[in-house]
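Have a look at the structure below before the remarks.
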Amino acid sequence: MNIVIFGPPGAGKGTQSNFLVNKYDLYQLSTGELLRYEINNKTPLGSEISSIINSGRLVSDEIVGKLIKEYISNKIYKNRLIFDGYPRNLNQAKNLENLLRKYDQKIDMVLKLSVSLETVCRRILERKTLEKRADDNERIAIKRYETYEKNIKPVTDFYNQSNLLKVVDGEKSIAQISNEISGLINSIKG
Ligand code: AMP
């Protein structure tokens, strides 16, 4: 089973992805993390992309496409991937379909955690006191939420057309959301 997970920062994507990884023995493929790894390890790719990432722009489709191909083509991860942070646009969504098809796989479900801006702000402010994340202040949170929702809409619309999109109410408790997601997965596993 391959899953794509969407949700703005603060929607609970990380928590629910961890839940899925443990319950269904999946692997979370976060393109943001892959890119940060390259930067932290000062690889040639890392130095090429660090200014792009730091300014909040998107890295080229070609670069991210190469990174995810490594995983899709690797038997260890076959039918075990949660795509987090990918696809970010329609071109990437189509590239993902092509890559998966090439390696005899498909997307089984697309989850979108839907939360209000108020909830995202509240959670991020709570998180700030717990983890002291430097960038997690309210103004940035609002900007990131709005940008995320605007950019991701064509992509979620695309998956809605093929009936893969499941919107989950991210306002509920962590356990309730996990339960709902499990129910959706069990229904497709049949
Ligand atoms: P994230 O952790 O998903 O918020 O990603 C952090 C940063 O990595 C983004 O702001 C982009 O610069 C870059 N990035 C992550 N995923 C992608 C992607 N699918 N396409 C292009 N850039 C990406």
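Checking the structure you have, find out if any residue of the range 109-126 is at pLDDT below 95, within 15 Å of the chain's Cα centre (by Cα) and open to solvent by 70 Å² or more (accessible area, probe 1.4 Å). Scanning the range 109-126 turns up no residue that is at pLDDT below 95, within 15 Å of the chain's Cα centre (by Cα) and open to solvent by 70 Å² or more (accessible area, probe 1.4 Å). PHE19 meets each of the listed conditions (1) away from the ligand (no atom under 16 Å from the Cβ); (2) loosely packed, with under 13 Cβ neighbours inside 10 Å apart from (2). Taken as a whole, the range 137-148 holds no residue that is at pLDDT 95 or above and assigned to a helix (DSSP H, G or I).
Beta carbons closer than 6 Å, at least 6 apart along the sequence or on distinct chains, pair a first residue in the range 57-76 that is of a type in the set (Phe, Trp, Tyr) with a second that is more than 9 Å from the ligand (Cβ to nearest atom) and not in a helix (DSSP H, G or I) for TYR71/LEU29. Would you confirm whether or not the range 46-60 contains a residue that is open to solvent by less than 20 Å² (accessible area, probe 1.4 Å), closer than 25 Å to ARG101 by Cβ and either within 13 Å of the chain's Cα centre (by Cα) or aromatic (Phe, Trp, Tyr) (or both)? No. Of everything listed in (1) part of a helix (DSSP H, G or I); (2) of a type outside the set (A, V, I, L, M, F, W, C); (3) more than 15 Å from the ligand (Cβ to nearest atom), the single unmet condition for LYS106 is (1). Considered as a group, the residues in the range 70-90 that are charged (D, E, K, R) and within 9 Å of the ligand (Cβ to nearest atom) include one that is farthest from GLY56 (Cα to Cα), and that residue is ASP84. Could you go through the range 91-103 and let me know if any residue there is under 24 Å from GLY10 (Cα atoms), within 15 Å of the ligand (Cβ to nearest atom), of a type in the set (D, E, K, R) and at pLDDT 95 or above. Among the residues of the range 91-103, not one is under 24 Å from GLY10 (Cα atoms), within 15 Å of the ligand (Cβ to nearest atom), of a type in the set (D, E, K, R) and at pLDDT 95 or above, which makes the answer no. Screening the candidates GLY12, GLY65, GLY32 for the property of being within 15 Å of the ligand (Cβ to nearest atom) and touching a strand residue (DSSP E or B) at 6+ places or on another chain (Cβ under 6 Å) yields one hit, GLY12.
Quick grid of which residues meet (1) of a type in the set (Gly, Ala, Ser); (2) closer than 27 Å to ASP157 by Cβ; (3) over 15 Å from the mean Cα position of the chain (by Cα):
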{"residue": "MET1", "(1), (2), (3)": "no, yes, yes"}
{"residue": "VAL4", "(1), (2), (3)": "no, yes, no"}
{"residue": "GLU33", "(1), (2), (3)": "no, yes, no"}
{"residue": "GLU38", "(1), (2), (3)": "no, no, yes"}
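Restricting ASN18, ASN74, ASN79, ASN40 to those that are out of contact with any Lys or Arg (no Cβ under 8 Å at 6 or more places or on another chain) and under 17 Å from LEU164 (Cβ atoms) reduces the list to ASN79.
The values are calculated or read from the model by the stated rules, or taken from the named source; none is laboratory data. Since this is a predicted model, take the numbers as computed values, not measurements. Positions of Cβ are generated from backbone atoms using ideal geometry, with glycine treated the same way; all protein chains shown enter the neighbour counts. Quick note on the areas: whole protein, heavy atoms, side chains included, nothing else; ligands and nucleic acids left out. Shrake-Rupley method; radii C 1.70, N 1.55, O 1.52, S 1.80 Å.
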